[in-house]
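Remarks on the structure that follows.
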Amino acid sequence: MKTLSEFKNPGIKFVFTDIDDTLTDEGQLGPDAYAALWKLKNKGLHIIPITGRPAGWCEMIARMWPVDGVVGENGGFYFRYTNKEMKRKFFIEDKARIENRKKLDTLSEKILREVPGCAIASDQFCRMMDLAIDFCEDVEPLPREQVKKIVSLFEGAGAQAKVSSIHVNGWFGTYDKLSMCRVLLKDEFGFDLEKINSTCAFVGDSPNDEPMFGYFRNSFAVANIKNFIQDLKQKPKYVATQKGGDGFVEIAQRF
């Protein structure tokens with residue numbers, strides 16, 4: 001991994017970014033990080049959050065933040081608000097989503113029973129695609145072994161599972177953050193992601209960002225990535241000196 005001073009690419013046009021602990025600090029979006037989003041937008045860059053957060057949050061983000069769309073629930077969908085119209089695209093059709101929800105509800109009971117101390121994430125009520133298990137947002141932080149056990153329970157049921165800085169997210173389906181990022185870029189902007197990779201940047205902070213870290217030539221992480229670095233097979237190319245929102249500001253100043 002390299003320092004930000006080694007990054008030399010003045011041609012960034014798309015900025016894809018995680019939210020929790022990348023833009024935020026202790027669950028709060030601070031004024032400097034939010035101002036950095038506006039500065040990028042005012043420079044003419046396209047900003048697209050790529051998050052594990054739920055559909056309910058993404059509806060508001062797409063409508064009210066200075067963004068050109070948002071990918072939510074780790075790639076389950078994208079929302080884009082443009083010309084007073086909210087566009088919503090889901091990776092899985094309605095019927096399959098209903099069946100998957102039933103399986104996830106059953107699985108949630110097993111996880112809560114077998115991993116004491118975890119909880120259903122407080123934002124689960126507005127999720128459409130996945131199950132989020134809280135291991136440190138509103139509960140006392142669980143040991144790494146218990147977080148891994150949550151992952152194994154998801155995977156043992158045939159689901160995908162990704163660890164963020166606060167939740168383990170599980171879902172049934174072959175999508176991830178990167179796959180829906182490709183779809184959004186093609187559908188809404190007419191671009192093949194492979195062909196414009198050099199004009200894109202991604203900023204993240206945790207293991208569920210691995211597909212993005214590995215794919216993008218210009219992948220960045222805020223300093224708190226060091227909490228997870230031993231778990232990453234695909235690492236970011238550049239790392240900020242500061243954590244969370246301050247780290248994002250530091251990175252954004254390079255674009």
Restricting the first residue to the range 91-115 and requiring it to be surrounded by 10 or more Cβ atoms within 10 Å (Cβ to Cβ), which pairs with a second residue that is among the basic types (Lys, Arg) meet a Cβ separation below 6 Å and a spacing of at least six or different chains?
-> VAL115/LYS149
Scanning the range 168-219 residue by residue, those touching a Ser or Thr at 6+ places or on another chain (Cβ under 9 Å), within 19 Å of VAL249 (Cα to Cα) and modelled with pLDDT of 95 or more turn out to be ALA201, PHE202, VAL203, GLY204, ASP205, PHE213, ASN218
Number of positions in the range 79-126 that are within 21 Å of the chain's Cα centre (by Cα) and small (Gly, Ala, Ser) | 3
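Touching a helix residue (DSSP H, G or I) at 6+ places or on another chain (Cβ under 7 Å) and of a type in the set (S, T, N, Q): does that describe ASN74?
Values: touching a helix residue (DSSP H, G or I) at 6+ places or on another chain (Cβ under 7 Å): yes; of a type in the set (S, T, N, Q): yes.
Yes; evaluated as a whole, the condition is true for this residue.
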Exactly one of PHE154, PHE213 is buried (at least 19 other Cβ atoms within 10 Å of the Cβ), over 17 Å from the mean Cα position of the chain (by Cα) and part of a helix (DSSP H, G or I), and that residue is PHE154
Subset of the range 216-248 (residues that are of a type in the set (S, T, N, Q) and in a helix (DSSP H, G or I)) | ASN224, ASN227, GLN230
Those residues of the range 101-147 which are aromatic (Phe, Trp, Tyr) and either farther than 17 Å from ILE166 by Cβ or in a loop (DSSP other than H, G, I, E, B) (or both) amount to PHE135
Which listed residue is under 18 Å from ASP21 (Cβ atoms), polar (S, T, N, Q) and out of contact with any strand residue (DSSP E or B) (no Cβ under 9 Å at 6 or more places or on another chain), from ASN208, ASN224, ASN197 = ASN224
Reported set for the range 217-255 where residues are free of Cβ contacts under 8 Å to residues at least 24 places away in the same chain, polar (S, T, N, Q) and within 16 Å of PHE202 (Cβ to Cβ) is SER219
Scanning for something in contact (Cβ under 8 Å) with a residue 60 or more places away in the chain and not assigned by TED's automatic domain parsing to the domain that holds ARG53, does the range 132-143 turn up at least one residue?
-> yes
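Matching residues to (1) assigned to a loop (DSSP other than H, G, I, E, B); (2) modelled with pLDDT of 95 or more; (3) surrounded by fewer than 19 Cβ atoms within 10 Å (Cβ to Cβ); (4) touching a Gly at 6+ places or on another chain (Cβ under 8 Å):
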{"position": "ASP20", "(1), (2), (3), (4)": "yes, yes, no, yes"}
{"position": "ASP32", "(1), (2), (3), (4)": "no, yes, yes, yes"}
{"position": "LEU37", "(1), (2), (3), (4)": "no, yes, no, no"}
{"position": "LYS41", "(1), (2), (3), (4)": "no, yes, yes, no"}
{"position": "GLY44", "(1), (2), (3), (4)": "yes, yes, yes, no"}
{"position": "ILE47", "(1), (2), (3), (4)": "no, yes, no, no"}
{"position": "CYS58", "(1), (2), (3), (4)": "no, yes, no, yes"}
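The values are calculated or read from the model by the stated rules, or taken from the named source; none is laboratory data. Just so you know, these numbers come straight off a predicted model, no measurement behind them. When we count neighbours, we look across all protein chains shown, and the Cβ atoms used for this are built from the backbone with ideal geometry, even at glycine.
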